[in-house]
Ligand code: CAA
């Protein structure tokens, strides 16, 4: 396999961490970005180093275009252009629509959706110029079916689908694929933060496979989409949700 340079936003936690590890373990050089408010970045790098894995890590506020520009300029100067971009960074600020504050709407839309524009804009032209690239946007089952208390998150995740299909059309002839992966409920801190009563009474009963997904299961799918084998898969939204939404 050709060794590529991959960048994973939010690459130190949850699904992002599993993707970083998987892309590393299949032989790519992996750059992870993390939120400037994350004080555990050095500890994470040390933890990975202890398992024999080396990553380059950069702080960036993916919701902020100027921060993404600065981060990309630094990565290009220190490492070079990237081949694989995984737009994974995301947050939830769940609230019934009645109680949803404008600030929580803006935070979720900018972190989950503006971020896809902000980061993709920095890299896609290098990919088209060089004739090879992979862009994978991590959406959610919530973007397909909606979620109680998640108008903000669902809107952002659904928006990623339209972005993905449109950009896929624009870059298809240049060797660049753009796809969306829509995980269901995966065993990460984001999901285990859901009140237990709601998890037991509302969410788990709706998953035909009968359990939460594992981050590694999502990472394996992302690694496939980033591979040469997936050259004919573009503009797709691939669900990985235990049958929750077919
Ligand atoms: N489906 C149906 N009804 C639900 C529900 C659900 N998923 N969640 C809550 N309700 C119901 C409650 O049972 C309750 O009903 P009653 O009034 O009859 O008792 C009513 O809605 C109000 O619920 P709360 O008392 O919890 O109201 P709240 O205002 O305190 O909180 C909430 C509302 C923030 C939405 C809270 O219910 C909650 O956190 N729900 C879980 C949201 C969720 O599933 N988030 C997923 C996060 S993980 C993720 O998003 C990752 C991914 O990509 C899949």
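Being assigned to a loop (DSSP other than H, G, I, E, B) and in contact (Cβ under 8 Å) with a residue 12 or more places away in the chain is the filter here, so list the residues in region 96-120 that pass it. So that I can check it myself, show each step before the final result.
So the first thing to find is which residues in region 96-120 are assigned to a loop (DSSP other than H, G, I, E, B), and the list is 96, 100-101.
Scanning region 96-120 gives 96, 100.
The set of residues in region 228-246 being at pLDDT 95 or above and either out of contact with any strand residue (DSSP E or B) (no Cβ under 8 Å at 6 or more places or on another chain) or loosely packed, with under 11 Cβ neighbours inside 10 Å (or both) consists of 228, 229, 232, 243, 244.
Sort through 159, 210 and tell me the only one that's more than 12 Å from the ligand (Cβ to nearest atom) and buried (at least 18 other Cβ atoms within 10 Å of the Cβ). Steps first, please.
Details: 210 fails: buried (at least 18 other Cβ atoms within 10 Å of the Cβ).
Going through 159, 210 in turn, the sole match is 159.
In region 35-56, the condition of being in contact (Cβ under 8 Å) with a residue 24 or more places away in the chain, within 21 Å of residue 178 (Cβ to Cβ) and not in a helix (DSSP H, G or I) is met by no residue.
Criterion first (within 19 Å of the chain's Cα centre (by Cα) and either in a helix (DSSP H, G or I) or within 16 Å of the ligand (Cβ to nearest atom) (or both)) does residue 93 satisfy it? Taking the combined requirement at face value, the residue satisfies it. Among the residues of region 220-241, are any under 20 Å from residue 115 (Cα atoms) and within 11 Å of the ligand (Cβ to nearest atom)? No, there is no match, as no residue in region 220-241 is under 20 Å from residue 115 (Cα atoms) and within 11 Å of the ligand (Cβ to nearest atom). Identify, please: which residue in region 130-146 is within 11 Å of the ligand (Cβ to nearest atom) and under 27 Å from residue 5 (Cα atoms) and is, among those, nearest to the chain's Cα centre (by Cα)? Looking at residues that are within 11 Å of the ligand (Cβ to nearest atom) and under 27 Å from residue 5 (Cα atoms), I get 138. Please go through region 192-207 and give me each residue that is surrounded by fewer than 15 Cβ atoms within 10 Å (Cβ to Cβ), near the ligand (Cβ under 10 Å from one of its atoms) and either part of a loop (DSSP other than H, G, I, E, B) or without any contact (Cβ under 8 Å) to a residue 12 or more places away in the chain (or both), ordered by number. Answer for region 192-207, where residues must be surrounded by fewer than 15 Cβ atoms within 10 Å (Cβ to Cβ), near the ligand (Cβ under 10 Å from one of its atoms) and either part of a loop (DSSP other than H, G, I, E, B) or without any contact (Cβ under 8 Å) to a residue 12 or more places away in the chain (or both): 192, 193, 195, 197, 198, 201. Of the residues making up region 66-80, just one is touching a helix residue (DSSP H, G or I) at 6+ places or on another chain (Cβ under 8 Å), over 27 Å from residue 189 (Cα atoms) and buried (at least 17 other Cβ atoms within 10 Å of the Cβ), namely 72.
With respect to (1) surrounded by 24 or more Cβ atoms within 10 Å (Cβ to Cβ); (2) in a helix (DSSP H, G or I); (3) more than 16 Å from the ligand (Cβ to nearest atom), the lone exception for residue 178 is condition (2).
Residue by residue, here is whether (1) under 19 Å from residue 113 (Cβ atoms); (2) touching a strand residue (DSSP E or B) at 6+ places or on another chain (Cβ under 9 Å); (3) within 13 Å of the ligand (Cβ to nearest atom) holds:
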site: 148; (1), (2), (3): no, no, yes
site: 154; (1), (2), (3): yes, no, yes
site: 167; (1), (2), (3): yes, yes, no
site: 183; (1), (2), (3): yes, yes, yes
site: 190; (1), (2), (3): yes, no, yes
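Residue count for region 137-175 under the criterion of being on the phi > 0 side of the Ramachandran plot and assigned to a strand (DSSP E or B): the result is 0.
Screening residue 139 with (1) free of Cβ contacts under 8 Å to residues at least 60 places away in the same chain; (2) under 19 Å from residue 10 (Cα atoms); (3) crowded, with 24+ Cβ neighbours inside 10 Å gives one miss only, at (1).
The values are calculated or read from the model by the stated rules, or taken from the named source; none is laboratory data. This is a predicted model, so every value here is computed, not measured. Cβ atoms come from the backbone with ideal geometry, glycine included; neighbour counts cover every protein chain shown.
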